[in-house]
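Structure record follows, encoded as structure tokens.
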């Protein structure tokens, strides 16, 4: 039974089980992504295949079934829980006579809606253009027309498609140059903090695990918090002061998700660079989630990809109020704190986070003999 659309884009979700062990979790994430994008889910089409169909991904039979579902529900968009090739996306749109989005396109759309800072918007635009670069032929009806003239209109015999691709390459180059300048500015700021002996800490973790709530608790900030995927995109940095550790610069970074588009990892390299350059990573985990172990693996996979393998990390097992667990800590074989159990919502166990920061600061002092620096926020 299909629900009638009541608001937002009416969409049909499409998810095919190719035998992956995390299929149900992936489908649930797709639903959350669609809701986060403001879409109205009016139906879900599922199926099983050994491998994707080369032409339509889901095969002609399922494609016919999808078209009928969309007509019955008056849906105008089909969102796939997979990455589609440009030709598959084009073939599906022609057959369905409707828009088709894949998982990467959906995530990019959410990022475009949520980015607030100038740098964040530049990063999102870069990722979108790189994703679009192989899909320029989709939806065009004038590609075979030749354009004469010079400059922006293209040279003699240049097709509209060639012109579009050339303009896209120019814009991508411009965005990379702007982001490179911003990266240099951040590098100067970090070097200044290092010279001042300021300890830098980054909050990392799976999306929607409570990172921003914990960040607000620790820094007395007002970072946007919502029970949705990718509620926070732009890195937010605040300075707090702990008498036993001096100044600490805390950064709240974008959350991760399974099958995070590689284009986004690259485009948000500047944002994730805060994690690469940090003295300590606080890896926030939703203790109440049944998939927390898989989520930890996914986050560490991306962190290793961006070069944080050597950055010390402490697991912060959040939401113990939902899991019915007490606050506490665990130490590794070297006596250093490796895990803490807290609740960012209730504030239980936040003194343990403070203890983590103090002990790591003392460790850095032993290694670097770094001086302290005053700051304005006391916890």
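The values are calculated or read from the model by the stated rules, or taken from the named source; none is laboratory data. Because the structure is a prediction, the values reported are computed rather than measured. Reconstructed Cβ throughout: ideal geometry from the backbone, glycine too, with neighbour counts over all protein chains shown.
Things worth noting here:
- Residues located in the stretch 30-44, provided they are part of a strand (DSSP E or B) and surrounded by fewer than 22 Cβ atoms within 10 Å (Cβ to Cβ): 40, 41, 43, 44
- Flag if residue 345 is under 26 Å from the mean Cα position of the chain (by Cα) and at pLDDT 95 or above: no
- Subset tally (residues that are in a loop (DSSP other than H, G, I, E, B), modelled with pLDDT of 85 or more and within 20 Å of the chain's Cα centre (by Cα)) for the stretch 1-29: 0
- Verdict on residue 257 being outside the structural domain of residue 178 (by TED's automatic domain parsing), under 15 Å from the mean Cα position of the chain (by Cα) and either modelled with pLDDT of 85 or more or under 30 Å from residue 176 (Cα atoms) (or both): yes
- The residues of the stretch 83-97 that are in contact with a strand residue (DSSP E or B) (Cβ under 7 Å, 6 or more places away or on another chain) and either within 17 Å of residue 128 (Cα to Cα) or not assigned by TED's automatic domain parsing to the domain that holds residue 27 (or both), listed by number, are 84, 89.
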